Structures are given as C-alpha cells and as structure tokens.
Amino acid sequence: MTDETLPRVSAVVLAGGQSRRMGRDKALIEFEGAPLIARVIERVEPLCTEVIIVANDAADYARFGQPVVVDVYPGKGSLGGIFSGLQAARERFALVVASDMPFLNAALLSHLISLAPQFDVVIPRAQDLSGKTPRSSRGDKPAGERRLYRADRPIAKESNLHPMHAVYSKRCLPTIEARLLQNDLRAVGFLDSVRVRVVESDEVDRFDPRHLSFFNANTPEDLVIAQSLGHMVG
C-alpha cells in the first residue's frame with residue numbers, strides 16, 4: 001500500500017549495469033537472505049504506486065514480480081536507464097534508485113518525493129560513506145571548489161550529487177533524449193536545462209546523518225562493508 005500523503009510517484013530500479021567491479025550481477029547477490037534488488041524493491045514499494053525494473057535481460061528479473069523494461073537506447077549507461085524507466089512510468093514523477101543500495105532510507109525518500117511537484121528533478125548532494133573527496137579525471141580540486149554545473153563538464157561524482165537516488169519529472173524526457181542522441185551520457189549533464197531542487201547535505205542529515213542511503217555495493221569489498229553495517233540499519 002502506498003503512502004497516500006505523498007504525491008503519486010512511480011519507482012524505477014536500475015539494474016542494467018555490467019557489474020564489472022563486482023564480477024557478477026550485483027543486483028542478484030544475496031544480502032541478509034535476499035537478493036540486493038529485492039531489498040531495494042521492499043524499501044521503495046510502500047512509497048510508490050508501481051515499481052519498474054530497468055535491466056538488460058528481462059528474464060533474469062521476472063521472478064521479482066515487477067514490470068521489467070529494457071533500455072530504449074542500449075549501451076547508454078545510467079542516463080539511458082533513467083530515460084527508459086521514466087518513459088515507461090505511468091506517473092508524472094519517478095523515484096529512480098540503483099539496485100545495489102542496501103540502506104535506502106524511507107524518511108529521506110519520502111522527503112524527496114514530497115518536493116517533486118514543484119521541480120523537474122529533486123536530487124540530494126551528500127558525501128558518500130567512504131568520506132573520500134571526489135576527484136575529477138581533469139584535475140584534483142575538491143568538489144567544494146568547483147561549480148555545481150560547469151559549462152564544460154558537469155560530473156555527479158565531483159559535486160557529490162546522487163542521480164541514482166533522485167526524483168525525475170516526465171518533463172525531463174525530451175532533454176534527456178537529446179543528450180542521449182548526442183552521446184552525452186553524463187547523468188547530471190542535463191540539469192542546467194531543467195528546474196532542479198538540490199537537497200543539500202545538512203537537509204539530508206535530518207533523515208540520514210550517516211549518509212548510508214548512498215552506499216553502493218559495487219565491489220566485493222563494498223559487500224563486506226555492507227554486511228558489517230547491516231546490523232546498524234533497519
């Protein structure tokens with residue numbers, strides 16, 4: 001049952017990555033007795049009117065009982081997955097999350113959803129659990145010393161933005177599609193063309209002071225860390 005106090009929002013779970021660093025499909029890895037993606041679905045389902053899985057191989061995910069869509073534009077990375085899920089969503093807004101995020105926080109997700117009607121994108125900015133300063137391949141300045149949307153190359157990682165933990169309006173579809181057709185696959189590269197609400201770190205802290213929401217199990221080492229943290233998170 002969805003939360004009737006929130007705007008109607010679809011959930012899009014991105015499971016189409018190649019999982020090179022994990023060495024196997026990370027969405028299907030067992031975590032605390034269930035595949036990671038099952039845990040993600042369990043966290044978002046009460047907040048949304050539907051859950052859509054975006055995956056390369058629909059057959060692998062049919063067992064989770066949710067609609068599965070493949071990429072409209074194959075090989076276009078996370079931005080292509082966001083586009084595909086948002087296009088398939090029946091609601092005007094879609095909460096997009098990755099399939100390898102074991103510690104999604106319902107209170108924080110609800111806050112993002114509550115802000116959706118006034119914006120095209122609601123996206124949090126917070127440092128990840130490792131505490132490492134994000135660095136760009138084009139330089140070594142800390143994220144705080146760079147503009148959020150540089151004209152030459154805005155990058156999510158160096159600005160601590162989390163495009164795979166955000167809410168998108170269908171109004172974004174034409175802008176995202178144009179970027180995909182130009183092969184501009186930066187997940188935040190289109191944000192300067194739409195209305196964006198950045199949920200800053202201090203605002204995130206009200207719901208998730210440890211920023212565990214943004215933990216991704218990308219590698220076997222990450223999975224070990226996640227398992228050690230599991231007892232601290234409900």
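Descriptive notes on the structure:
- A single entry from LEU108, LEU95, LEU86 fulfils the requirement of being under 15 Å from VAL9 (Cα atoms), touching a Cys at 6+ places or on another chain (Cβ under 8 Å), in contact (Cβ under 8 Å) with a residue 40 or more places away in the chain and in a helix (DSSP H, G or I): LEU86.
- Considering the conditions (1) under 11 Å from LEU14 (Cβ atoms); (2) assigned to a helix (DSSP H, G or I); (3) in contact with a helix residue (DSSP H, G or I) (Cβ under 9 Å, 6 or more places away or on another chain), GLY81 is excluded by exactly one of them, (3).
- Residues in the stretch 182-234 that are at pLDDT below 70, assigned to a helix (DSSP H, G or I), of a type outside the set (A, V, I, L, M, F, W, C) and more than 23 Å from ALA15 (Cβ to Cβ): SER228, HIS231.
- Among the residues of the stretch 173-186, not a single one is crowded, with 16+ Cβ neighbours inside 10 Å and under 16 Å from LEU112 (Cβ atoms).
- Subset of the stretch 43-64 [at pLDDT below 95, part of a loop (DSSP other than H, G, I, E, B) and surrounded by fewer than 16 Cβ atoms within 10 Å (Cβ to Cβ)]: ASP57
For (1) in contact with a Gly (Cβ under 8 Å, 6 or more places away or on another chain); (2) buried (at least 23 other Cβ atoms within 10 Å of the Cβ), each residue gets a yes or a no:
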site	(1), (2)
LEU79	yes, no
MET101	no, yes
ASN105	no, no
PRO117	no, no
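The values are calculated or read from the model by the stated rules, or taken from the named source; none is laboratory data. What you see is a predicted model, and the numbers here were worked out from it, not measured in a lab. In this analysis, Cβ positions are derived from the backbone assuming ideal geometry, glycine residues included, and neighbour counts consider all displayed protein chains.
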